[in-house]
Structures are given as C-alpha cells and as structure tokens.
Amino acid sequence: MPPVIKRWPLSLLALAVTGAAALAQVQLPERYRIAGQLRWGADAEGGAPFVYTDPAKPDAGEVGFEVDLAQALGERLGVPCRRVQAGYESLVQVLDRGDCDVVLNGFEPTPARRPLVRFTRPYYIFQQQLSVGPDVTGVNGLGDLAGKRVGVLGQSASHQLLREQYPTIEAVIYESSVTAYEDVVNGRNAGSLADLPIARALRPLFPRLVDVGEPFGEFYYCMAVRLGDADLQQALDDAIGQLLANGTLERIYRKWNMWVPAEQRLGDAAVAAMFTRDHSGAAQDGDAPAMAWGEVWLLLFAGALRTFGISVTSFAIAVVLGLCIALLRLHGPPPLRIAAIAYVEVLRGTPILVQMLLLYYGLGSIKGMQLPAEVAGVLGLALNYAAYEAEIYRGALSAIPRGQREAALALGLTGVQTLRHVVVPQALRLSLASSTNDFIALFKDSSIVMVITVVELTKQYNMLANATGRFIVLGLLTSGIYLLMSLPLAYAARRFERALDRDAA
Amino acid sequence: MITLRGVTKRYGGRTLFERLDVQFAPGRTTVITGRSGSGKSTLLRLCNQLERHDEGTVALDALTIPAGLPHAEWHRRATALRRRTGMVFQGYHLFPHLSVRDNVTLAPRLLHGLAPDAAAARAQQVLDLVGMAAAADRFPARLSGGESQRVAIARALAMEPEVLLLDEPTSALDPLSTADVVAVIRSLRARGITQVMVTHNPELAQSLADHLIEMPVR
C-alpha cells in the first residue's frame, strides 16, 4: 500500500466516499424516468417557509426551503421536480388520484395518515410553538388554556396533539396558518399552536403575538408517496440520505434559518426507519383505520344540526332583507332606489367566498368588529342571498296587476296598507317556487362557512374522510343527510304551492 | 254630494275635458255615457282621485281638492275622499289571496277598526244585499264573472260609502250575469244609495239613469 494512502486521515477517506456517493445518482423507478419529471404536491397558500411567493420579491417566483429541497432532490434523481398546487387538507387525495407523485409540504406522519400513504424517512425534525395574543396573561402553556379556543392547521400534528392530549381545549381548525394567527391577533382565539418553522416564518407578519414557553415535543416532516410506490419511496429515502450526507440539507436549513441541533439525529438509523412500512405491503383495504361508527354518526349529526341552524337563520334574514330591498327599489325615494340597485349588483356580482372572507377576516382586523365565526357565516350567507331574494321579489311585485293596487287605494287603504295586505302577500305566493329553490341552494352553499372555521356538515365530512380515507362511504352518508334535510322542505313547499293553486285555480 | 267645479283634465298633449262643472245628486243614480275615448271613465276616476285633475276643484261636501295641491296634502285629502266613496271596476279586481268574506272585511277592519265579529256581521249583511252570502268562504278564483262583480259591489258597500262609483260594471259579463248585476244596481237605487255609473251601453243607461250625462266627442 503506498504510504501516501496510509497517511490519509479517516475523515478525508469518509469525505472521499461521501463525495463519490454525491456524484452517483439515485435510481428513480423507470416510469418516472420516462415521465421526465416528478410532481410534488404542496399548498402555497400561507405556505411560508415551505413554499410561497415572497410579496417583496414577486419576480423571484416560488421560494421556500422545500422549493430548494425539491430542486436538490431533482438533481439527485435525475429529473426535474415540478410543484402541483393542492389544498393542504386534500394532499392525500391529490396523491391518491395520481395528480402528484409525492407530497412534500411539511407533511407529518400522523397515525391517521399512516395507513393511507407510504412515508419516507424524515427530512426535518421540529417542535411545536404556542403563541398567544398580546392581551392574554397568565398563560404559561397549553395546560392553562382549558376551555379556550386555540387555532391549529387542520390535519396537522398540532391538531392531533390538541385532540389527544388537551381535549378540553377547543381546537379551531384553519386551512392556513396565517388566518389562524390573524384570529389570535384580533382576539377571536386565545392562542395558536403551530410547527416551529411556521411560527418563526410568520412571526414578522404578526409582531404583536407572544410566544409562550419553550418549543416542545419532537415531530417529523416526511414525504409521502402512494402505498403502491415502494420503489419511489426507496429512491426518495436514498436521495434524502445523500443530501444529508453531503451537507445539502444542512445548507438549505441554515439558509432558511431552520437548522437546529436536533437535525443531526436525522441520520440515526432509528429515526430513518421510524415511519417506514413493511416494504412488501401494497395498498390493502384492511389498511384503512377502523372507524368508530357511533362517533362518526354523532359528529355528522352535530354538523348537520349546525348546517340546518345556519341555513334556516340566514335564509330567514335573507327573505326579510330581500323584501325590504325589493320594496325600496320599486317604491323608495330615489337615493334609496339607487342604493338598493347598488346593493343587488355588488352582492350578486362578487363571489360569496370573497364576501365571507372580508366579513370575517377583513372586518375582524378592525378593533371591536370581530364577529364570531357562526355569526359572520350566517350574516355572510344572509347578505348574499338577500340580493337574489330581492330580485325574485322585485319580479313578483312587478307582476301583481295594477288593478289590485287601485282597488286597495279606492277602498281608502294607505300605500303601506296596500303593500302590506294586498300586494306583498300575493307577490310572496308568486315567488314561493323560486324562493324554495333559493333556499335549497343556500342550504348547500352553507358549506362555504367552513372557510371561516365553522365546522358544519361538509367540513365534518371532509375532516372525517381525510382522517379515515373513506371518502365514498362517508360521502354517500353525508349526501344522504343533506337529502334528508332538503327533500322534506321541497315536498312541503310543493304541497303549500298546490294548496295555493287550488285557491287560485 | 260630489261636485266637480271647472275641472280640466289633460292626457299627454290632449285635453279630455275643459272647465267641466258637474254635480251628482244625492240618492240618485247618474249614468255617464259616451263613445270610447270620450273621457267618461277618467271623469269617474277623478271623483275618487285615482286620476288627478289639472284645473278646478273636486269636492265631496266640505272636503275640497283643488288642483295643484302639494303631494302630501293631496294624498291626505284623496285618501279621505276614497274612504267616503266606493268604487267598482270593470275587471272586478277582487283580491285573489283572500276569501270573499276577507275581501269584503279587509277595509272595514283596517280603516274602521271593526272587530272580527262585527266585520263578519257587516260582510254577511252586504253579501246578502248582493245575493252572495252563501259564497263567503269561497275564493275569487272560484267565482263566475257576475258573482265576482257582485262581491266587488259588496266590498265597496262594506265601507258604507256616501257615493258608489261604478266603472263599466257589466262590460265584461255575459247577458245572464249582466242581468244579476243590473238587478243589484237597481235594488241599490231603490234603497236611495247615490250611484254614479259609467257605461257605453245606451239601453242600460236609459234603464238605470235618474240622470244621464252624455260625454261630448272632442
């Protein structure tokens, strides 16, 4: 053996081996090589520090530590990685449908998800951070928040932690961490629990938030592939191993100010194998988590009750408001007529989703205007549907023959009495069919309140289905519940209409 | 007594009548006839201010409505005038969502503050007068034209008007129904109720009129 080799220190030897490994590409399964790309699913909404567009540098395109990670992975795998937008809570479904090949989005291997997908070795270790509003005092940890509202990202490790370890805390589910923090700042919620990287990345947006206690726990981000993609998981595991060994991961994490000493443990065999499935296991029906049907029914029933309450209340307001607007438009003084026209055009011409977000988050950012979520939901639906109702009533009021009004006036009734006792009752009968239609539409549209954290029937279904993967069974069940509620209503309206027809025939 | 003094009515650029002086004698039946477009219905509608006049004064005894009143004041006086006059339309204009009884009692309940019992009694009385007492619970859609017009007369009578205005009350009716309605008008005339009727039917005019007004063709 030449002396020169003998003198090589061990560390240099290791470096040489690692360097060789760094040069060698990981063997990607052939189908992905042929496809020429690997599509990774992630949600860029409120996505810092994972994947997001920096408002200060919109030209830079999407940035984030996972964007860097995906690029590094692509170099290891020999194909470019392209991101596919998907809602955070639907990542598993998007993966299952084949719309992406791998989930890479701060995705935690929660017990609920483990039977549904195949997880890679962890690529990041993190902790949880509790933050509270500036006016909250006497809170030193989650233990002090019993009975209080705490915002979490739906289907996240934070959500799971609250559910399992702090059942007395009311977990309020958000689809974005930004809105979860917003509701702490405006006082709707006592606090928000989030992954530390999220807490750190979003802190500049919410300088008034206060972190409570030290970060705690140990949690992992893993990538996820379809159950049948064992070979892709293997390739990704290998690629992560190489990025770890050649220092790329550390470089990326340091760049994003996310490197903590705990990351050194990513290389431990025990950590690497933590969420690895038995590789022989393909997707099996038996893998779906067992469902506690009693609890499922209870949750769906609670959701249905809320949907019913929200729909009935908001429609009652919409009918009264819509009628007032229609009457103002037809009989009001000119300025109010213009206001009524403007109301209808604005509310009909803008998406209800935007109106709902404005009402809840927009208005919520003004001091003293923090409507509770359910109130904002009812109000949002009522204000929007009032515009449609107003148009229905305007048409019906205009359709009442002039002679009816003249006959009432000739008897000496005042204008208001004429409307109240003669014109409006007839117009309401005339508009019954259209109004019933509108109510059934509102009934289904009421699911939109889920964007402002209200857990009604559709949201409950969404959460249950995401947790169990039983989309079909639960979907049919949920549809059945909707039908059970809307069919009797349609039937009652039809009977009422027929009774009126008998009088009028 | 309804009096029109120097009343002018214009429609668009056209003058229907100019500086007209008419009064309708109490307890008598006055019939206004004339060709289509002569303004006879408009004249009747001026009497309860469903149309406004351009000049002159419309009066019911001391209640005067000169032309050109501000809207609020005109509205107040017109409503007062309408509460003392009854009107029957060619097309009946019964309220389809109310039963015959409720059609008849709506105005007395709202305007005279009649209790339900008293209102029902008054309905019974006026429906008896027009021979429609048995139909009190029916809805207008279930009535023939002649029945509808008789209910419309009962509805106007329920307010105990000082004058009953009838605008072509039989024009939309078949001969049999016409006979029923004419019989009612005749019985009201016999009871001394002041009536002003517009018709384009000369025979009807002749047979019912205590006093006949023929609108000139302009």
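Within the bounds of the range A:95-110, is there any residue that is assigned to a strand (DSSP E or B), surrounded by 18 or more Cβ atoms within 10 Å (Cβ to Cβ), over 23 Å from the mean Cα position of the chain (by Cα) and of a type in the set (A, V, I, L, M, F, W, C)? Checking the range A:95-110: not a single residue is assigned to a strand (DSSP E or B), surrounded by 18 or more Cβ atoms within 10 Å (Cβ to Cβ), over 23 Å from the mean Cα position of the chain (by Cα) and of a type in the set (A, V, I, L, M, F, W, C). Applying the selection to the range A:166-186, what residues are assigned to a loop (DSSP other than H, G, I, E, B), closer than 17 Å to A:Asp144 by Cβ and open to solvent by 40 Å² or more (accessible area, probe 1.4 Å)? Correct list: A:Tyr166, A:Pro167, A:Thr168. Annotation: of all residues in the range A:38-57 being assigned to a loop (DSSP other than H, G, I, E, B) and of a type outside the set (A, V, I, L, M, F, W, C), the one that is surrounded by the fewest Cβ atoms within 10 Å (Cβ to Cβ) is A:Pro55.
Of the residues examined, B:Thr64 is not one that is more than 24 Å from B:Gly13 (Cα to Cα), surrounded by fewer than 21 Cβ atoms within 10 Å (Cβ to Cβ) and within 12 Å of chain A (Cβ to nearest Cβ). The helices (runs of 4 or more DSSP H) found wholly in the range A:423-505 and carrying at least 2 residues that are within 14 Å of chain B (Cβ to nearest Cβ) occupy A:424-430, A:471-504.
Taking the range B:161-173 as the search range and keeping residues that are under 21 Å from A:Gly403 (Cα atoms) and charged (D, E, K, R), which one is nearest to the chain's Cα centre (by Cα)? Result: B:Asp167. In the range B:134-149 there is at least one residue matching the filter, namely being within 14 Å of chain A (Cβ to nearest Cβ), in contact with a strand residue (DSSP E or B) (Cβ under 9 Å, 6 or more places away or on another chain) and touching a residue at least 12 places away in the same chain (Cβ under 8 Å).
Restricting attention to the range B:79-105, which residues are of a type in the set (A, V, I, L, M), under 20 Å from B:Asp167 (Cβ atoms) and open to solvent by 10 Å² or more (accessible area, probe 1.4 Å)? Answer for the range B:79-105, where residues must be of a type in the set (A, V, I, L, M), under 20 Å from B:Asp167 (Cβ atoms) and open to solvent by 10 Å² or more (accessible area, probe 1.4 Å): B:Met87, B:Leu94. Annotation note: of B:Ala134, B:Ala156, B:Ala141, the sole residue that is open to solvent by 50 Å² or more (accessible area, probe 1.4 Å), assigned to a helix (DSSP H, G or I), modelled with pLDDT of 90 or more and among the aliphatic types (A, V, I, L, M) is B:Ala134.
Taking the range A:368-415 as the range and being open to solvent by 50 Å² or more (accessible area, probe 1.4 Å) and either within 14 Å of chain B (Cβ to nearest Cβ) or among the aromatic types (Phe, Trp, Tyr) (or both) as the test, the residues that pass are A:Tyr388, A:Ala399, A:Pro401, A:Arg402, A:Arg405. Against the test of being open to solvent by 80 Å² or more (accessible area, probe 1.4 Å) and within 30 Å of B:His71 (Cβ to Cβ), the options A:Val346, A:Val320 yield a single qualifying residue, A:Val320.
Scanning the range B:67-101 for residues that are in contact with a strand residue (DSSP E or B) (Cβ under 7 Å, 6 or more places away or on another chain), part of a loop (DSSP other than H, G, I, E, B) and within 12 Å of chain A (Cβ to nearest Cβ) turns up B:Arg84, B:Phe89, B:Gln90. In the range A:78-94, the residue that is nearest to A:Met450 (Cα to Cα) out of those that are hydrophobic (A, V, I, L, M, F, W, C) and part of a loop (DSSP other than H, G, I, E, B) is A:Ala86.
Would you mind stating whether A:Thr418 is away from chain B (no Cβ under 14 Å), part of a helix (DSSP H, G or I) and either touching a helix residue (DSSP H, G or I) at 6+ places or on another chain (Cβ under 7 Å) or within 30 Å of A:Val152 (Cα to Cα) (or both)? When the stated conditions are applied, A:Thr418 does not pass them. Looking across the range B:21-38 at every residue that is open to solvent by less than 40 Å² (accessible area, probe 1.4 Å) and assigned to a strand (DSSP E or B), the one that is nearest to B:Val58 (Cα to Cα) is identified as B:Val22. Does any residue of the range B:40-55 turn out to be away from chain A (no Cβ under 12 Å), open to solvent by 20 Å² or more (accessible area, probe 1.4 Å) and more than 30 Å from B:Ser148 (Cα to Cα)? Yes, the range B:40-55 contains at least one residue that is away from chain A (no Cβ under 12 Å), open to solvent by 20 Å² or more (accessible area, probe 1.4 Å) and more than 30 Å from B:Ser148 (Cα to Cα).
The values are calculated or read from the model by the stated rules, or taken from the named source; none is laboratory data. No experiment lies behind these values; they were computed from the predicted model shown. Note: ideal-geometry Cβ built from the backbone for every residue, glycine included; neighbour counts use all protein chains shown. For accessibility, only protein heavy atoms count, side chains too; no ligands or nucleic acids. Shrake-Rupley method; radii C 1.70, N 1.55, O 1.52, S 1.80 Å.
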